[in-house]
Structures are given as C-alpha cells and as structure tokens.
Amino acid sequence: MANRHLQRSIAMQSLFEWDFGGKKESSEDIIERNIREFGPGISETSFVEKLFRGTIEHQTEIDPIIEKCAPEWPLEQVTAVDRNILRLGIFELMYGNYEEVPPKVAINEAIELAKTFGGESSARFVNGVLGTIYRELGEPMKDDTSKKQKLQTIQNSQENSDLKNENVSNIDQGSNSYPEGPDNKQKEQILEEQEVN
C-alpha cells in the first residue's frame, strides 16, 4: 500500500474512532495508537495529522455540505464509516493543496476507502456526493494540468505567434533574410545566384 494511501486510511480510521467514541478522546492519543497499529514503520506521519486535524477543524463547515449534497440522508443516518470518508474527502476537496493532491485523486482515494471499509453501496454514495461537490466547485483542475503547465502552454503559443508575426513582417518589408533552417539556406543561395545573374 502506498505511503499516502496508507496515511489517508489511518486518518479515516482515526476520524471514525473519534466520531464513534463520541468525540471525547484526545485526538493525539487516537492518532498515535492508530499509527502504531495500522502503520508500523511509517517514519513520516504529517499527512495523517494534517488530514485528521484539518477535517476536525472544518467539521462544522463540512457537515452541512454533506447534508445539502445528500438531502435524503440525514447525517446521523449515514453510517459512521461513510460519514467520515465523506468528511475526509470534502476536506481534501475544499481545503487541500491541489498541487499536492489534485481533486480527482482526492475523490478516487475516498472511493477506494469506501470500497475497503464501507458497505456494498458506500463507494457509489461517496462518489455521488463528492462528484456533486466537485462540480459545485467548478471542477477545479478538470484537465489535470497544473497552473504552471497552463502558463507554459500560453507562453509557448505567444512565442510561436510572435515568431510568425516577425516572419510575416520580414516578408512584407521585402527582406531577403529567413529564419535559420536547411530550406532557408537553399532559398538564400538561390537569391544570391539571381542577383549575380
């Protein structure tokens, strides 16, 4: 199991335990115990802590979103596993770093958690709710390209446009110089021969 997926799984199990236990036990104790039990040997656990603490911190904003996106399922009727998978997925969609975890990855990871820990229809339910939220957010990073890649594409097309404009300008001015290239050298030789004759 990949390190990030394992850490996300531990975060979800910790959220489940915290929720199931009435939200009374210390989050530090829950995280430490679950890391020891489910992720022995993991040296870097900051992702578990970030997901767990962030989800709890934003729970009062996240829970109404679940209720809005699944109106036929009051939150207390959603199974504790599904509820906490949704909380975790919504946290990643709304408050996560898209460079670190793109929205589609967050949704797919939540679906995988639902398949692993949830009931028969959990994956469909989680997919439906998170898909609705993703669309409501305007489908961020829909084409899976980063801002940096988008900027590079724009710059490249501008540079190509500038180069074409420069070539057209040279032709309009009657310039006999052409951009470098094997075909252009041949053209220059032909022009020189014409001038000699």
Check your understanding: Distance from the Cα centre of segment 26-56 to that of segment 83-119, in angstrom?
Key -> 16
Review point. Percent relative contact order of segment 3-136, based on C-alpha pairs within less than 8 angstrom and at least six residues apart?
Key: 24
Study note, to complete from the structure: Working note, segment 3-136: Cα radius of gyration (Å, one decimal) and Dmax (Å, whole number) are 13.7, 42
**Study point:** Where the Cα pairs of segment 12-68 fall when distances are cut into 5 Å bins, in %
**Key:** 4, 17, 28, 24, 14, 8, 3, 1
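Taken together, the values in this text are just the output of simple stated rules run on the coordinates, not laboratory data. As the structure is a computational prediction, the values presented were derived from the model and not from experiment.
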